[in-house]
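Okay, so here's the structure we're looking at.
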Amino acid sequence: MKSDCIFCKIVAGQLPACKVYEDAETLAFMDIGPIVPGHTLVIPKLHIDPLTAAPPAILQKLILVVQNIARAQLSAFKADGVNVIQANGRAAGQVVPHLHFHVIPRFATDGHHWNWKPHPYAKSEEMSALAEKIKGALG
Ligand code: AMP
Ligand code: ZN
């Protein structure tokens, strides 16, 4: 546990949370600032951050819980879709530095729009060069 981490405090029972699922390694609870009602967070009980530091076994467990929550949102709310979002680092919009997946039920009428503005590459070589860099850095 990291003493100044709000999600660790939720795991330890030092802060309240509206829990929807719990097992030995993972916890899912309602986000107090939902983008759409029903917005749920899935976290590891251990203080892990960022995603790239997560042990594979915990990551496998987490993504299965994410899938289960998404299925539950689709059936319980009759949602039209689900967004799964995960941020790493302040530049990526992360506010709470404890690994978490946002599982957000979506409805055709929910009125939420991502500010998703494509910036096409000026030249295809630019894209290929970046692809090569990623390929060269893969573990
Ligand atoms: P992120 O920007 O990906 O770090 O998202 C952090 C999320 O945690 C936000 O959506 C917040 O609304 C949510 N959040 C912060 N504090 C709490 C809390 N005590 N209980 C539930 N959700 C929280
Ligand atoms: Zn933590």
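The values are calculated or read from the model by the stated rules, or taken from the named source; none is laboratory data. Just so it is clear, the model here is predicted, and its values are computed rather than measured. Neighbour counts run over all protein chains shown; Cβ positions are idealised from the backbone, glycine included. Remember, those area values only see protein heavy atoms, side chains included, never the ligands or the DNA or RNA. Shrake-Rupley method; radii C 1.70, N 1.55, O 1.52, S 1.80 Å.
Pairs, please: C-beta under 7 Å, at least 6 apart or cross-chain, first residue within 14 Å of ligand 2 (Cβ to nearest atom) and open to solvent by 80 Å² or more (accessible area, probe 1.4 Å) and in the range 1-25, second not in a loop (DSSP other than H, G, I, E, B) and not aliphatic (A, V, I, L, M)?
Close Cβ pairs (under 7 Å, with a partner that is not in a loop (DSSP other than H, G, I, E, B) and not aliphatic (A, V, I, L, M)) amount to 1/8; 2/8.
Of these, 103, 84, which one is outside any loop (DSSP other than H, G, I, E, B) and touching a residue at least 24 places away in the same chain (Cβ under 8 Å)?
Residue meeting the stated conditions: 103.
Between a first residue in the range 114-135 that is under 30 Å from residue 104 (Cα atoms) and a second residue that is basic (Lys, Arg) and at pLDDT below 95, which pairs have beta carbons less than 9 Å apart while being 6 or more apart in sequence or on different chains?
Filtered contacts from the range 114-135: no entries.
Being modelled with pLDDT of 95 or more, more than 14 Å from ligand 1 (Cβ to nearest atom), closer than 16 Å to residue 105 by Cα and among the acidic types (Asp, Glu) narrows it down to one residue among 80, 31, 23; which is it? Spell out how you get there, then give the answer.
Values: 31 fails: more than 14 Å from ligand 1 (Cβ to nearest atom); 23 fails: closer than 16 Å to residue 105 by Cα.
Exactly one of 80, 31, 23 is modelled with pLDDT of 95 or more, more than 14 Å from ligand 1 (Cβ to nearest atom), closer than 16 Å to residue 105 by Cα and among the acidic types (Asp, Glu), namely 80.
Let me spell it out: the conditions are (1) within 11 Å of ligand 1 (Cβ to nearest atom); (2) within 14 Å of the chain's Cα centre (by Cα); (3) free of Cβ contacts under 8 Å to residues at least 60 places away in the same chain; (4) part of a helix (DSSP H, G or I), and residue 95 meets all of them except one. Which number is the exception?
In the conditions (1) within 11 Å of ligand 1 (Cβ to nearest atom); (2) within 14 Å of the chain's Cα centre (by Cα); (3) free of Cβ contacts under 8 Å to residues at least 60 places away in the same chain; (4) part of a helix (DSSP H, G or I), residue 95 misses (4) alone.
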